[in-house]
1. Normalise the Cα radius of gyration of region 36-107 by 2.2 N^0.38 Å (N = residues in it) and let me know the number.
2. With all protein chains present and a 1.4 Å probe, how do 58, 71 order by accessible area, largest first?
3. Short version: ³J(HN,Hα) in whole Hz for each residue of region 39-48, in order, from phi by Karplus 6.51 cos²θ - 1.76 cosθ + 1.60 (θ = phi - 60°), x for Gly and Pro, what are they?
4. For the residue pair residue 169 and residue 126, what label-to-label distance in nm results when each label sits 7 Å from Cα along the Cα-to-beta-carbon direction?
5. Could you list which residues have their amide H under 5 Å from that of residue 147, counting only those 5 or more apart in sequence or on another chain, with H placed in the peptide plane?
6. Protein chains only, probe 1.4 Å: how do 172, 90 rank by accessible area, largest first?
7. Hey, for a label at residue 92 modelled as a point 7 Å past Cα toward Cβ, could you say which residues of region 1-39 have their backbone N under 12 Å away?
8. If you keep only loop residues by DSSP, which chymotrypsin sites (Phe, Trp or Tyr not before Pro) in region 79-173 have at most 14 other Cβ atoms within 10 Å of their Cβ?
Amino acid sequence: MNEAISNILSRRSTKCFKADMIPDSDLDLILEAGKSAPTGRGRQSPIILAITNKELRDKISKMNAEIMGADLDPFYGAPVIFVVLADRQVPTYIYDGALVMENMMLCANALGIGSCWIHRAREEFDSEQGKQILASLGIEGDYEGIGHLALGYANSEPSPAKPRKENYVYYVK
């Protein structure tokens with residue numbers, strides 16, 4: 001089977017991470033994959049926060065858990081969090097951000113790095129605390145949080161894929 005297709009078909013969400021940090025060279029490659037995602041009319045509406053700073057990672061984890069209404073780490077212990085946000089002024093911003101997320105997940109899988117898309121980024125970065133984080137990083141604009149990508153080395157084997165539902169595809173010939 002073609003290597004790219006095998007990578008797509010084998011990717012699974014990781015929900016138990018080792019604390020080991022990912023080398024910068026691998027993180028840079030994952031970010032490059034995200035930046036290479038297609039965007040509507042080539043407008044490149046997304047931005048990516050690549051967070052390896054434990055203090056900020058833990059702060060965002062706490063915000064996410066509060067929104068979720070739970071007392072846990074929503075990032076499953078992942079040492080790295082990428083946050084994808086996109087410019088609300090661009091009509092395709094949600095789709096653009098989703099494509100960035102997918103490209104990064106596929107690249108991580110190809111490198112043997114686990115990943116999991118975590119939600120609630122919109123609520124986080126619409127909050128005053130989230131806006132303050134962006135401002136402290138020098139980020140201005142009307143950005144909506146699309147998702148978090150928890151990244152790290154898997155601490156266990158991924159669960160097998162669930163069977164695909166019937167009637168997933170309707171052929172029209």
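The values are calculated or read from the model by the stated rules, or taken from the named source; none is laboratory data. Predicted model only: the values in this text are computed from it and were never measured. Here the Cβ positions follow ideal geometry from the backbone for every residue, glycine too, while neighbour counts run over all protein chains shown. Side chains are part of the model used for accessible areas, which takes the heavy atoms of the whole protein and leaves out ligands, DNA and RNA. Shrake-Rupley method; radii C 1.70, N 1.55, O 1.52, S 1.80 Å.
1. Taking N as the residue count of region 36-107, the ratio is 1.24.
2. Ranked from most to least accessible, the order is 71, 58.
3. 9, x, 6, x, 7, 6, 5, x, 10, 10
4. About 3.6 nm, to one decimal.
5. 84
6. I get 172, 90, largest accessible area first.
7. Label zone hits: 37-39.
8. Answer in residue order: 168, 170, 171.
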